1. On a straight-distance basis, which lysines could pair with Lys393 in a cross-link, Cα separation under 19 angstrom, same-chain partners fewer than 8 positions away excluded?
2. Based on the alpha-carbon set only, what is the convex hull volume of the range 1-160 divided per residue, in Å³?
3. Would you mind calculating the relative contact order of the range 72-159 from Cα pairs under 8 angstrom and at least 6 residues apart, reporting the percent as a whole number?
4. Could you derive backbone 3J(HN,Hα) for the range 268-279 from the dihedral phi with the Karplus parameters 6.51, -1.76 and 1.60 (θ = phi - 60°), listing whole Hz in sequence and x where the residue is Gly or Pro?
5. HN-Hα J couplings of the range 145-152 from phi, Karplus 6.51/-1.76/1.60, θ = phi - 60°, integer Hz, Gly and Pro as x?
6. Return the calculated 222 nm mean residue ellipticity for the chain, to the nearest 500 deg cm²/dmol, obtained by summing -39500 (n - 2.57) across DSSP H runs with n ≥ 4 and dividing by the residue count.
7. Trypsin sites (Lys or Arg not before Pro) within the range 119-171: which are DSSP loop residues with at most 16 other Cβ atoms inside 10 Å?
8. Grab the beta carbon distance between Ala32 and Thr291, set R0 = 25 Å, and tell me the FRET efficiency rounded to 0.05.
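The values are calculated or read from the model by the stated rules, or taken from the named source; none is laboratory data. Small disclaimer: the values here were computed from a predicted structure and weren't measured. So basically every Cβ, Gly included, is an ideal-geometry build from the backbone, and we count neighbours across all protein chains shown. What goes into the accessible areas is simple: the full protein's heavy atoms, side chains included, and nothing from ligands, DNA or RNA. Shrake-Rupley method; radii C 1.70, N 1.55, O 1.52, S 1.80 Å.
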Amino acid sequence: MLGILFGLFIVLLILGVPIGFVIALSSFGGIAYLGLPIELLAQRFFTALDSFSLMAIPLFILAGVVMTHGGITRRIIDFALSIVGSVRGALSQVVSVSGVLLAGVSGSGVADTAALGSIMVPEMKKRNYDPGFSAALVASAGSIGLIIPPSIALIVYGASAQASIGDLFMAGIIPGLLIAVGFMVYCYIVARIKNYPREGKFSFYNVWKNFKSAFWALLMPIIILVGIRGGIFTATEGGAVISVYALFVGMFVYKEIKIKQLPKIFYEATMGTAVITSIIAATSLFGWLLTNQQIPQKFANTLLSISDNPIIITLILIVILILVGLFIDSSPAILLLTPILAPVATSIGMDLVQFGIVMVITLTIGLLTPPVGTALFVVSNISKVPILELSRKLIPFWIIMIVVTLLVAFIPGLTNLLY
């Protein structure tokens, strides 16, 4: 059965079949092999999506789409520029800071990458920044959206592992900031070597002016974190609150969203939701088949038989996650691997929240790597930088993210300090 499942999975993936169909068809092959009733397909699909926690996904996707149409992205970038504009290579610093600020609003790495790229890549090109470096930075900074709350990837993991989404949100803050700081340090070094320009002198007045303009946008992540941690609402209810808030700000505060644009906004959010939920439904059946055949337990026993050293096992888990991230996007990878790897992680003393952050960071690297790195292709399309060149320029950013992954894996305080 395992050969059928993964054999079909690999063949369909190579043929370029969309990942949701790859998982569903592979699962169908497993059902046929085991002689189980075909009704199991519909039953598992329905059970997977009948979850209050997963309702947060379409709501945060809607908030992200509204953010893009409502002028929130541009104001956040202007605010970031006013803070770091006096630093050498200011625009590169702006991209890093904006990656964090946008992450706190949309929860989607790919959405943040597209928003950042469409604005910042042309601006950096005008100032003679190396196109490959600019594109690599935009892709990397945008991917922070998977780590900083409210992260859709963390919601998917929380629902899959039965871990607290509120705790996961808080646990992602410090690692996400560490990655951003690492990017900023690297950008400063490159800017000094390449003599990239500053963007004017620092001015408290300018910071204050742009802060006032971006205030309503910057308030969004604060509402989410305070609301969830304060027990005012759940992560799902927070998604509803922030969607309504984003719509209000876009329509009545910034006044950049018109009523005639609403059908387009809702359509984009619906399509984004359909892609993710179809993957979740298909992966639920795939995971059920693995569990039914006790594959997770057998895998855990095999892995633990290699070594009883927690450090060695942790490094093996990280390598597995990085390799899987090369070929599968974060959401399906989380749903596929959580039932298999989480028991191994907990058996060596890593709690579910800490392992969730390790998993999300390592799979985020997959957004930036060929052959299926979504953010990689988005930025390559925007910047017109070839995939091969862009991949070479991304190597320092991969290293920074791997270093932070190792810190998170071996220093529990980085994740549990805030919850």
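1. List returned: Lys125, Lys194, Lys384.
2. Residue-normalised Cα hull volume stands at 138 Å³.
3. 34 percent
4. 4, 5, 5, 5, x, 5, 4, 4, 5, 5, 5, 5
5. Karplus values, whole Hz, x for Gly and Pro: x, 7, 10, 6, x, x, 9, 5.
6. Dividing the helical sum by the residues of the chain leaves -25500 deg cm²/dmol.
7. Answer in residue order: Arg127.
8. It comes out at approximately 0.85.
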